[in-house]
Structures are given as structure tokens and as C-alpha cells.
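In what follows, a single structure is set out as C-alpha cells and then discussed.
The values are calculated or read from the model by the stated rules, or taken from the named source; none is laboratory data. Only a predicted model underlies this, so the values are computations on that prediction, with no experimental measurement involved. Cβ atoms come from the backbone with ideal geometry, glycine included; neighbour counts cover every protein chain shown.
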């Protein structure tokens with residue numbers, strides 16, 4: 001390898017796939033239509049949500065050293081993939097593949113990292129093999145905390161355990177697999193005015209319901225007396241599902257008012273009184289008339305949680321919409337504080 005900056009157009013089926021799955025954090029700031037490679041030495045590491053950042057000293061064609069600012073997927077995303085803070089350190093020589101800045105700056109949203117020993121590291125929820133395609137042994141894998149995993153196995157009961165997406169399985173994530181379609185004319189007009197570079201979700205703005213249920217981060221169901229608390233790592237979101245309750249909701253909130261019931265092994269949750277501006281991070285709006293029905297069903301071996309979301313919002317959609325995904329049980333994970341720093 002050389003220290004020269006190498007450009008690679010992002011073409012073909014792989015390009016289309018990653019463009020569709022591109023995390024909203026890169027849209028409007030980075031060029032999601034192509035990848036470039038940057039090789040250099042790590043000079044700083046800032047480990048934080050929503051995106052850890054690094055500084056990479058890169059030698060250009062003139063022999064000058066240029067400091068590149070690198071962003072990557074959130075530390076919550078990296079945790080799900082078994083990647084901790086210590087996988088990279090100041091002084092490491094690495095090669096990165098990612099989306100270049102649209103602002104003409106030495107900036108990169110990194111999707112993949114090549115360690116000096118030849119192993120490839122995925123740096124975002126949407127990452128695909130870049131250097132190691134067809135060679136799984138070259139993919140970086142971190143060890144599992146056996147003690148933590150055993151505690152998770154001992155504590156798990158039914159739905160009450162920690163769940164996370166399965167990396168690189170589109171049936172698990174994302175929940176919304178393309179631009180949200182079937183919008184009313186009014187909703188289309190609102191979305192057409194959306195400026196992705198000004199999105200509040202580029203920073204630490206929390207996502208309301210149902211947007212947050214598409215999160216790539218860990219989630220946990222916790223008994224709360226007769227009710228059920230859903231803890232999501234993203235933005236430290238908390239949803240209370242009222243079981244066996246006839247109380248009428250009075251106030252609107254970003255997570256609304258949820259009531260639940262069991263039908264055999266399926267938890268059915270109905271939610272109204274939601275007040276949050278966006279259904280999705282592409283500017284798709286939603287209204288206070290939105291009603292949701294969610295179905296959470298366990299697999300026979302309780303290792304998988306299937307999810308079906310039914311959305312009824314006549315001000316946003318021309319018909320009732322349905323979306324699906326699933327989570328896998330992860331006894332080796334806990335829901336950690338988000339600690340977002342914009």
C-alpha cells in the first residue's frame with residue numbers, strides 16, 4: 001500500500017445496496033455515491049455517541065501531511081458488532097474506506113477499516129465487506145465477555161432480556177428499507193422541503209415513536225410491576241407499556257400512550273397520543289392522528305424476537321402501512337447509557 005489518497009467509484013449492486021442502507025448521519029454531509037480510501041497514522045481518538053471521531057495523518061502526493069477528520073458509526077453500533085474502544089489506538093497505521101466530504105474538506109465517514117495485520121473492521125451498521133469479501137477469516141472479531149453473557153443467560157425470562165440487531169441481515173435492520181413511500185400529497189410536500197444537512201438527527205436529537213423502533217442499538221424489556229418498560233439504548237429512550245389498564249390517555253408525548261396485552265406468546269401493543277415531528281430521518285412527517293399496533297413474538301427457542309409494526313396515519317399515508325424486522329437475544333450485551341455529545 002502507499003500513503004497516497006486512492007479514489008474508488010462506488011459502482012454496481014454493492015453501491016446501490018449501501019446507498020439504500022446508508023445511515024442518515026452521512027446524508028447531506030458526505031458523498032454517499034462513492035467510496036474513497038485513505039491511509040495514514042491515527043493521531044487522536046474521541047470515543048463518543050453519536051459518532052466516535054479520529055484524526056488521521058495522511059501524506060499526500062506532494063509529501064505534505066494532511067490531518068483528516070474521520071467519523072464512524074456510533075459506539076452503540078460498534079458494541080453490537082463486538083468492537084470496543086481498544087480496537088484502535090493512537091500510533092496505529094490503518095487504511096479506511098468511506099464517504100468523502102461534500103464540503104471539499106479532508107473529512108471521511110468511514111465504513112471500513114483495514115488494520116496493519118490485514119484484518120478488516122466494520123465501522124457502521126451498514127458496512128459490507130470491502131477488502132475481505134469471501135474471506136471471513138480476515139474479519140475482525142472481538143472476544144465475548146463470558147461472565148457478562150452468563151449473567152444475561154441466568155436473568156433472561158421470556159421477552160424480558162436484551163435484544164439487538166443481527167449485523168448484515170437486512171431482515172433484522174433497518175426497519176425502513178428504502179425511502180418511505182405511499183405518502184399523501186401534503187406529506188410529500190413537507191418531505192420535499194427537507195434539508196438533510198440541517199437534520200436534528202445528525203446530532204443528539206432523540207427519535208420519537210415509531211422512528212426509534214428502527215434503532216440499530218440494544219433494547220431491553222423490563223417488568224415494571226404489572227406493566228412493561230422498554231429500554232432502548234439510543235437516546236436513553238424509555239417506553240412504558242400499560243398492561244391491563246383502562247385509563248384514558250390525556251397528554252401527547254414523543255412516545256405516546258401505549259397499552260398492551262398478551263395473545264399466547266405475542267405481546268400486542270397499541271399506541272396513540274404521539275407527538276413527534278418525523279416518522280423517519282428523510283423528512284417524512286407524521287401527525288397526531290397516528291395510531292400504531294405493534295406485535296412482538298418470540299421464536300420457539302426464545303432466541304429471536306419478531307416484530308411487526310402497523311401504522312395508521314391518514315395525514316401522512318394514503319393507506320395503512322406495515323413494516324417488519326427482528327432482534328436476536330444477546331446475553332453478552334447490556335443497555336448502556338447513551339452519553340451523546342453533539
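Figures for the structure shown
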quantity: Any hit, the stretch 163-180, residues being over 24 Å from residue 321 (Cα atoms) and assigned to a helix (DSSP H, G or I); calculated: no
quantity: Answer from 292, 305 - the residue that is surrounded by 18 or more Cβ atoms within 10 Å (Cβ to Cβ), in the same structural domain as residue 202 (by TED's automatic domain parsing), at pLDDT 95 or above and within 16 Å of residue 209 (Cα to Cα); calculated: 292
quantity: Which listed residue is surrounded by fewer than 23 Cβ atoms within 10 Å (Cβ to Cβ), touching a strand residue (DSSP E or B) at 6+ places or on another chain (Cβ under 7 Å) and without any contact (Cβ under 8 Å) to a residue 12 or more places away in the chain, from 65, 95, 55; calculated: 65
quantity: Residues (on the phi > 0 side of the Ramachandran plot and part of a strand (DSSP E or B)) located in the stretch 296-323; calculated: none
quantity: Any hit, the stretch 246-256, residues being out of contact with any helix residue (DSSP H, G or I) (no Cβ under 6 Å at 6 or more places or on another chain), surrounded by 14 or more Cβ atoms within 10 Å (Cβ to Cβ), without any contact (Cβ under 8 Å) to a residue 60 or more places away in the chain and more than 22 Å from residue 201 (Cβ to Cβ); calculated: yes
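Residue-wise test of (1) surrounded by 13 or more Cβ atoms within 10 Å (Cβ to Cβ); (2) in contact with a strand residue (DSSP E or B) (Cβ under 7 Å, 6 or more places away or on another chain); (3) modelled with pLDDT of 90 or more.
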| residue | (1), (2), (3) |
| --- | --- |
| 114 | yes, yes, yes |
| 117 | no, no, no |
| 122 | yes, yes, yes |
| 132 | yes, yes, no |
| 135 | no, no, no |
| 145 | yes, no, no |
| 160 | yes, yes, yes |
| 175 | yes, yes, yes |
| 180 | yes, no, no |
